[in-house]
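Notes to accompany the following structure.
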């Protein structure tokens, strides 16, 4: 595992959306990332709307890795830089922050998992600047090297003892 070159703490805001369902009354969904963790207790109600309530979920330490700078650069250049927030069900039908990443490919892989809610949220400009500086400091272009395949041996799958019989000799036959 690669060591993290930089870590920074952010705050996460989640929405509790009302559902019209016989099985559930609400759903927790990542809503926003804050450029720093505020001095607010996790679970604090921030606002109430017609269809949703916003809560401060807590802080999370995001790690950046030098080997992933190309992915961060792709994210920043996408036109909609995002952080991917994964929530998992906690005690008493609440949630907990499972992970937060700035790597869009890791975010896509997280979304394929089962049991976690994963959503991209807009990346605040302060975090964009911090990640851009990290990419500038650590990015190294790596040439793409296409692996050369070994030539196939046409005899590799041929039956043994090709001349005459196709069956293998048994110990008694020799």
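Report yes if residue 73 is surrounded by 12 or more Cβ atoms within 10 Å (Cβ to Cβ) and either touching a helix residue (DSSP H, G or I) at 6+ places or on another chain (Cβ under 6 Å) or not in a strand (DSSP E or B) (or both), otherwise no. It would help to see each step written out before you state the result.
Details: surrounded by 12 or more Cβ atoms within 10 Å (Cβ to Cβ): yes; either touching a helix residue (DSSP H, G or I) at 6+ places or on another chain (Cβ under 6 Å) or not in a strand (DSSP E or B) (or both): yes.
Criteria met by residue 73.
I'd like to verify a number: residues in segment 120-174 that are surrounded by 10 or more Cβ atoms within 10 Å (Cβ to Cβ) and either within 30 Å of residue 99 (Cβ to Cβ) or at pLDDT 75 or above (or both), how many?
20
When residues of segment 89-98 are filtered for being out of contact with any strand residue (DSSP E or B) (no Cβ under 8 Å at 6 or more places or on another chain) and part of a strand (DSSP E or B), how many remain?
Here is the first cut: in segment 89-98, the ones out of contact with any strand residue (DSSP E or B) (no Cβ under 8 Å at 6 or more places or on another chain) are 91-93.
From what is left, the residues that are part of a strand (DSSP E or B) are none.
Adding up the residues that qualify gives 0.
Considering each of 59, 63, 47 in turn, give the residue that is exposed (fewer than 14 other Cβ atoms within 10 Å of the Cβ) and either part of a strand (DSSP E or B) or at pLDDT 90 or above (or both).
47 is the lone residue from the list that is exposed (fewer than 14 other Cβ atoms within 10 Å of the Cβ) and either part of a strand (DSSP E or B) or at pLDDT 90 or above (or both).
Hey, could you check segment 28-42 for residues that are touching a residue at least 40 places away in the same chain (Cβ under 8 Å) and either in contact with a strand residue (DSSP E or B) (Cβ under 6 Å, 6 or more places away or on another chain) or part of a strand (DSSP E or B) (or both) and say which is farthest from residue 83 (Cα to Cα)?
Among those residues, the one meeting the criterion is 28.
Looking only at segment 128-150, which residues are without any contact (Cβ under 8 Å) to a residue 40 or more places away in the chain and either touching a strand residue (DSSP E or B) at 6+ places or on another chain (Cβ under 7 Å) or assigned to a helix (DSSP H, G or I) (or both)?
129, 133, 136, 137
What number of residues within segment 100-117 are under 17 Å from residue 13 (Cα atoms), modelled with pLDDT of 95 or more and not in a loop (DSSP other than H, G, I, E, B)? Outline the logic, then answer.
Of all residues in segment 100-117, those under 17 Å from residue 13 (Cα atoms) come to 100-102, 116-117.
Retained after the next criterion (residues that are modelled with pLDDT of 95 or more): 100-102.
Now drop any that are not not in a loop (DSSP other than H, G, I, E, B), which leaves 100-101.
Residues that pass the stated criteria total 2.
Can you tell me which residue within segment 5-24, out of those that are free of Cβ contacts under 8 Å to residues at least 40 places away in the same chain and either touching a strand residue (DSSP E or B) at 6+ places or on another chain (Cβ under 7 Å) or in a strand (DSSP E or B) (or both), is surrounded by the fewest Cβ atoms within 10 Å (Cβ to Cβ)? Full working, then the answer.
Applying the first criterion (free of Cβ contacts under 8 Å to residues at least 40 places away in the same chain) to segment 5-24 yields 16-24.
Narrowing further to those that are either touching a strand residue (DSSP E or B) at 6+ places or on another chain (Cβ under 7 Å) or in a strand (DSSP E or B) (or both): 16-19.
Details: 16: 19, 17: 14, 18: 14, 19: 12.
Restricting to residues being free of Cβ contacts under 8 Å to residues at least 40 places away in the same chain and either touching a strand residue (DSSP E or B) at 6+ places or on another chain (Cβ under 7 Å) or in a strand (DSSP E or B) (or both), the top hit is 19.
Would you mention how many residues in segment 76-88 are part of a strand (DSSP E or B) and either touching a residue at least 60 places away in the same chain (Cβ under 8 Å) or under 17 Å from residue 10 (Cα atoms) (or both)? It would help to see each step written out before you state the result.
Of segment 76-88, the ones part of a strand (DSSP E or B) are 82-88.
Add one more test, that the residue is either touching a residue at least 60 places away in the same chain (Cβ under 8 Å) or under 17 Å from residue 10 (Cα atoms) (or both), and what stays is 82-87.
Residues meeting the conditions: 6.
The values are calculated or read from the model by the stated rules, or taken from the named source; none is laboratory data. It should be emphasised that the depicted structure is a prediction, and the values quoted were computed from it without experimental measurement. Positions of Cβ are backbone-derived with ideal geometry, glycine not excepted, and every protein chain shown enters the neighbour counts.
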